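Quick notes on the structure that follows.
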Amino acid sequence: MTLLTLGLNHKTAPVDIRERLTFGPDVIVAALRSATEQTPAEEVVILSTCNRTEVYCDLNDSDCQSETPMRDWLARFQGIESKLIAPHLYVHWDRDAVAHLLKVASGLDSMVLGEPQILGQVKSAFQVARDGGSVGRLLGRLFQHCFSVAKQVRTDTAIGSSPVSVAFAAVSLARQIFPDLSSQTALLIGAGETIELAARHLYQHGIGRIIVANRTVERAHLVASQFEGFAISLTELVNHLPEADIVVSSTASPLPVLGKGAVERALKIRKHRPIFMVDIAVPRDIEPEVSDLSDVYLYTVDDLQGVIEEGMRSRHQAAQQALEIIELHTDEFMAWLRSLDAVNLIQDYRQRCECMRDAMVRRAFRQLAAGKPPQEVVSQLAHTLTNKLLHTPSVRMRQAGREGQSELLEAANELFQLQQELDRAQAK
């Protein structure tokens, strides 16, 4: 068995190459079938995201040490010349392939270090391959192992706990002011990627309500509907501001969308219950004078930068711990992989011995049926079977002695525990 990982990601290939190698959900099953039919791979899992395309496979041939068949298949299936993708591909064999998968699933190879979404994507890729029949014993064991390791990395390190994006940092600060978000309302101004990410983080941390305000209500609704929120237009913003405990704003407006006067009126209606505000926009969406109000906690994108930098330092420290965990569990999987050779050898040896035994038993039954004394039959059975079992090992050990193969003799002594058995016999 030979493990191979072939792929490219955001570090090795520009987006125009990555997008040409992406496997959409409509073709992934056909691709898995094609790979197992047209290449040396017997098992295949394809992981395809916006930042990476990777093919994990078991070539089931210990002599195969060339990625060319898989690379050519990948290029052919995607309709691109092999020489165009070759410079962007990375290739990992056996132990390196195992370690790479564990790093990917744990978020150590992601564009944002420690991001959690990749584990779900790896699980989905595995499930599709298993349902499609392209996963067997080896990749099945490997991917289950990687899920367990990724979970341990999340549990035992701080790889995903520190904020490393503006949206994450904003939500982290909000949780410091409101430890329990379940009774809070978040008003999100804008409907771009940052606002959507902030909504996701808030939703995952159990926010009570989400309101999304945007110039285009349809776009606001697309974001809000994902998180059980509701949408309003910017013209309705002032009316809903008193409901908001948390405000996150990120629009492309050239002028502020929220002024000091509007916030003052909202605070009076709220009976001066505090409002946490984060203005991520450049130029700013919230008038700077709002920070003068005593019941407002207003942060800008510059304020969040320090939180993000500290988060990155924390994640890099956690990544070192994660690598130690991955190293240990890579060794563990490779030990299991090596044990498969022993399992096959044991099965072959046992089958051979059982064939000898069955032949001797049939012979003994014939002798008993012919009237031969049972004691003589049993004695002959034991003697003949012992000689047959010992013949080949004895011949090989004598040959090893003549040829000076001391390593083989030492291995035989260790395998059969001869000296230990002799010592025990003498002790009796």
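The values are calculated or read from the model by the stated rules, or taken from the named source; none is laboratory data. Bear in mind that the values here come from a model prediction, so they are computed numbers and not experimental data. Note that we place each Cβ from the backbone using ideal geometry, even for glycine, and neighbour counts take in every protein chain shown.
Filter segment 111-147 down to the residues that are under 9 Å from the mean Cα position of the chain (by Cα) and at pLDDT 95 or above and list them by number.
Within segment 111-147, VAL122, LYS123, PHE143, CYS146, PHE147 qualify.
Collect the residues in segment 234-279 that are closer than 15 Å to VAL212 by Cα, surrounded by 19 or more Cβ atoms within 10 Å (Cβ to Cβ) and either free of Cβ contacts under 8 Å to residues at least 24 places away in the same chain or aliphatic (A, V, I, L, M) (or both), keeping them in residue-number order.
Hits for segment 234-279 are LEU237, LEU241, ALA244, ILE246, VAL247, VAL248, VAL257, LEU258, MET277, VAL278.
With the requirement that a residue be surrounded by fewer than 21 Cβ atoms within 10 Å (Cβ to Cβ) and among the polar types (S, T, N, Q), what does segment 116-152 give you?
Listed by number, the residues that qualify are GLN117, GLN121, SER124, GLN127, GLN144, SER148, GLN152.
State the number of residues belonging to segment 256-289 that are on the phi > 0 side of the Ramachandran plot and not in a loop (DSSP other than H, G, I, E, B).
0
I'd like the full set of residues that are surrounded by fewer than 20 Cβ atoms within 10 Å (Cβ to Cβ) and of a type in the set (A, V, I, L, M), limited to segment 186-223.
LEU197, VAL217, LEU222
Residues being at negative phi and in contact with a strand residue (DSSP E or B) (Cβ under 9 Å, 6 or more places away or on another chain): count how many of those fall in segment 50-77.
Qualifying residue count, segment 50-77: 16.
Since LYS372 meets every condition but one in (1) surrounded by 10 or more Cβ atoms within 10 Å (Cβ to Cβ); (2) at pLDDT 85 or above; (3) part of a helix (DSSP H, G or I), which condition does it not meet?
Result: LYS372 passes all but (3).
Looking at the structure I just gave you, is SER225 free of Cβ contacts under 8 Å to residues at least 12 places away in the same chain, out of contact with any Gly (no Cβ under 9 Å at 6 or more places or on another chain) and farther than 19 Å from VAL166 by Cα?
Taking the combined requirement at face value, the residue satisfies it.
If a residue counts only when it is of a type in the set (D, E, K, R) and under 30 Å from SER314 (Cβ atoms), which strands (runs of 3 or more DSSP E) contained entirely in segment 1-118 have at least 2 such residues?
52-58
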